[in-house]
Amino acid sequence: MAKRIDVSGLNAYYGSFLAIEDISMAVEPHSVTAFIGPSGCGKSTFLRTLNRMHEVTPGGRVEGKVMLDDENLYGAGIDPVAVRREVGMVFQRPNPFPTMSVYDNVAAGLRLNGSHRKAALDDIVEKSLRGANLWNEVKDRLNKPGSGLSGGQQQRLCIARAIAVEPDVLLMDEPCSALDPISTLAIEDLIGELKERFTIVIVTHNMQQAARVSDRTAFFNLAAVGRPGKLIEIDDTERIFSNPSVQATEDYISGRFG
Amino acid sequence: MSHASLTPRRSSLRGATLPKWFPWAVAAASVALGLAVSAAAGLQSSIQWALIAAVCFVGGNYGVSARVEGRRQAKDRVATSLVWVAFLLAVIPLASLIWETLKRGVKVLDGYFLSHSMGVVSDTEPGGGIYHALIGTLEQVGLATLFSVPVGVLTAIYLVEYGRGRLAKAVTFFVDVMTGIPSIVAGLFILSLWVLILDMGPSGIAGSFALSILMIPVVVRSTEEMLKLVPNELREASLALGVPKWRTILKVVLPTSLGGITTGVMLAIARITGETAPVLLLVWGTNFINTNPLSGPQASLPMYIYLQYANSGGEGAAYDRAWAAALTLIAFIMILNLAARAIARWKAPR
């Protein structure tokens, strides 16, 4: 069940430092939205505010509204743990749990959230691994340690782990930056399939990747180091890469920057 | 390969090197020289010839290497030989201690020794054993571990996972202070609290309280370091799956660091097993078997060693028993350490 995200007037802080300022945007269900922009402009910080992972960082705090369909994630009485079950996340570096097997890694989200029957769990693990295009590669070594897989396989394992809990939204923080081109291609294909089931938001430094996988693209920038990052514009990917409405976007995309 | 047959030209990248056996030759020559000089000068102590040999070893390595290989390699060889000398300095006392204990300890160490107490044996008589002391040590150390590990591990979890600000700083400070408490002071503290204020008699459990005071800071420190080694990405991965923080700690953080925590606990156990002072104050010691740690004096291995030696006058049956008990104590701690390593290897993230 993909859901719509509607952000309005969002500020995020690290202690007293304002990292991103006044961001408003909408993310449509069943779409892939890419965040691009120079390093340090707050893309990842913004992504982490969408499942309340920002406040895990000591000193992290958020002002503003993030609506998931019709519920404000920062409203009173909202449980961040419940939010993270509905908004899953894949990180920059593959991070399978080192003490767990491939199977246990995928089942981790369900197991750690309560007990599940073995047969049902088997089904979910297989479905998730198939969903992450990893089943054929690991079906014979489900009980081997997850950290024994290659980097690209580990990242797909992390995607399988994230989708096993059936979230509504999947956030990906530069999921391919540590991978070789072939693994990157595998994950990009996967993103195309996953958007049938989830709303996907992806941060990337690779503009070709943003152009290949996303429907909408948001460009972030910051005025200077130490200044807060801002959303410059968000539009259909095709338009951003062919005819952006802001000069800074065009400069960044064409490499005429700084 | 036509140029393989050419005579090697003088290259700026290749310098003269001494053969691999060179340091060994220098070592042998130094030892020989040290022995010769001592014999000639009539020196008695083996420390003297060893010192001469060590100086010759370092100097010889430098002198020859500086002439043949150049100054940079010579410095490298000096550093290497100093490391070797330091290593030998550290290992010799250890090896000699183990050798001496083995040599003197095996005389009376057998099944009888391990399974009998000193109940009806006087100090000068042969026979008797350490059964009562083994029981006492196992119970006191076991209880102390039971008290300290939960407190220590939970404190470390608080410090690493939750602690922010003043309270955490204060806890860290007091753990540091506790690490420095002399064992006799821990013993006196429990003595004043348990025996003098609460009016309880000597017992194994009073000793365990004092041992816990010594053990808790060690467990906290080592567990804290192990938890800090768990990458933050793993915690975030788990939190991002919608797993509550306490479950993340229980199911992801602790299993990942379990090997290290176990090693730390085993080392802490090894540290308190040899403590004598608090046991002397609080458990008193006895020659009889007392399996109840809650009441009455108990024996323990370190105190057994002390009492047997003190009553032996440096020879006879009690003297042999002291060494045999020392050997048992070393073996016990070594077995614990080996077990810790085995667990660490078995549980290590692959």
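The numbers here are math on the coordinates, done by the rules we state, and not lab data. In this text, all values refer to a predicted model and were calculated from it rather than measured experimentally. Note that each Cβ is placed from the backbone with ideal geometry, even for glycine, and that neighbours are counted across all protein chains shown.
Here are a few things to note about the model shown:
- Violating pairs (Cα-Cα greater than 27 angstrom) within the set A:127/B:251; A:127/B:347; A:43/B:251; A:118/B:347; A:127/B:228: A:127/B:347; A:43/B:251; A:127/B:228
- Here segment B:19-105 yields Rg over Rh of 1.07, to two decimals, using C-alpha coordinates and the Kirkwood radius.
- Pair-distance distribution of segment A:108-239: all C-alpha pairs, bin width 10 Å, starting at 0; shares per bin in whole percent are 11, 37, 31, 15, 6, 0.
- Segment residue A:193-residue A:140, length gained on full extension (0.36 nm per residue, minus Cα span): 16.7 nm
- The modelled label-to-label distance for the pair residue B:46/residue B:107, using points 7 Å beyond Cα in the direction of Cβ, is 2.0 nm.
- Net charge of neighbours whose Cβ lies under 13 Å from the Cβ of residue B:337, counting Lys and Arg as +1 and Asp and Glu as -1: +3
- Size of charge dipole - the protein assembly as shown - debye, nearest 20, with Cβ of Lys, Arg +1 and Asp, Glu -1, no other charges: 1820 debye
- Most tightly packed first, judged by the mean number of other beta-carbon atoms within 10 Å of their residues, the peptides B:314-320, B:201-207 read B:201-207, B:314-320.
- For the protein assembly as shown, the calculated P(r), taken from all Cα-Cα distances in 10 Å bins from zero up to the bin holding the longest distance, is 3, 12, 16, 15, 14, 15, 13, 8, 3, 0, 0 percent.
- Options A:148, A:164, A:175, ranked by Cα towards positive dipole end of segment A:139-183, top entry (Cβ charges): A:148
- 16 Å cut-off, amide nitrogen to a point 7 angstrom out along residue A:71 Cα→Cβ, residues in segment B:224-255: B:241-244
- Remark: spin-label model distance residue B:154-residue A:61 equals 3.1 nm, labels positioned 7 Å along the Cα→Cβ axis.
- For residue A:4, residues with placed amide H under 5 Å, excluding near neighbours: A:69
- Additional length obtainable on full extension of the chain from residue B:176 to residue B:124, 0.36 nm per residue less Cα span: 14.2 nm
- Beta bridge orientation in the protein assembly as shown: antiparallel %, DSSP, nearest 5: 55 percent
- On Cα atoms only, tilt of A:102-111 relative to the major axis of chain A in degrees: 70 degrees
- Relative contact order computed over chain B (Cα-Cα under 8 Å; 6+ residues apart), in percent: 20 percent
- Since only A:211, A:80, B:124 are under comparison, the one whose Cα sits farthest along the positive direction of the charge dipole of the protein assembly as shown, derived from C-beta charges on Lys, Arg, Asp and Glu, is B:124.
- Highest-first arrangement of A:154-166, A:238-250, where packing means the average Cβ count within 10 Å: A:154-166, A:238-250
- With respect to chain B, whose longest principal axis is taken over its alpha-carbon atoms, helix B:204-229 is tilted by about 40°.
- Rounded to the nearest 10 degrees, the angle from helix A:151-164 to the longest Cα principal axis of chain A is 90 degrees.
- With contacts taken as Cα pairs under 8 Å and at least 6 residues apart, segment A:172-240 reaches a relative contact order of 27 percent.
- Within segment B:131-347, the proportion of C-alpha pairs whose separation exceeds 25 Å stands at 46%.
- Label positions at residue A:239 and residue B:311, each projected 7 Å from the Cα along the C-beta direction, are separated by 9.7 nm.
- Rounded to the nearest 20 debye, the dipole size of chain B about its Cα centre is 2100 debye, using +1 on the Cβ of Lys and Arg and -1 on the Cβ of Asp and Glu.
- Per the Debye calculation on chain A with a single equal scatterer at every Cα and no solvent contribution, log₁₀ I(q)/I(0) for q = 0.08, 0.09, 0.11, 0.14 Å⁻¹ amounts to -0.31, -0.40, -0.59, -0.95.
- Top positive-direction residue, dipole computed over chain B with Cβ charges, set B:333, B:22, B:312: B:22
- The residues neighbouring residue B:22, those whose beta-carbon lies less than 11 Å from its own, together hold a net charge of +1 under the Lys/Arg +1, Asp/Glu -1 convention.
- Here segment A:36-130 is treated with +1 on each Lys and Arg Cβ and -1 on each Asp and Glu Cβ, and its dipole about the Cα centre works out to around 300 debye.
- Segment B:19-105, relative contact order [Cα under 8 Å, separation at least 6], %: 21 percent
- Kirkwood-type hydrodynamic radius, segment B:214-270: 11.9 Å, calculated from all non-identical alpha-carbon pairs.
- Neighbouring Cβ atoms from other chains, within 10 Å of the Cβ of residues in A:89-100, number 5 on average.
- Number of partner chain Cβ atoms within 10 Å, mean per residue of B:241-251: 6
- Taken over segment A:1-110, the ratio of Cα radius of gyration to 2.2 N^0.38 Å equals 1.14.
- In terms of overall dimensions, segment B:256-316 has a Cα radius of gyration and Dmax of 15.5, 52 angstrom.
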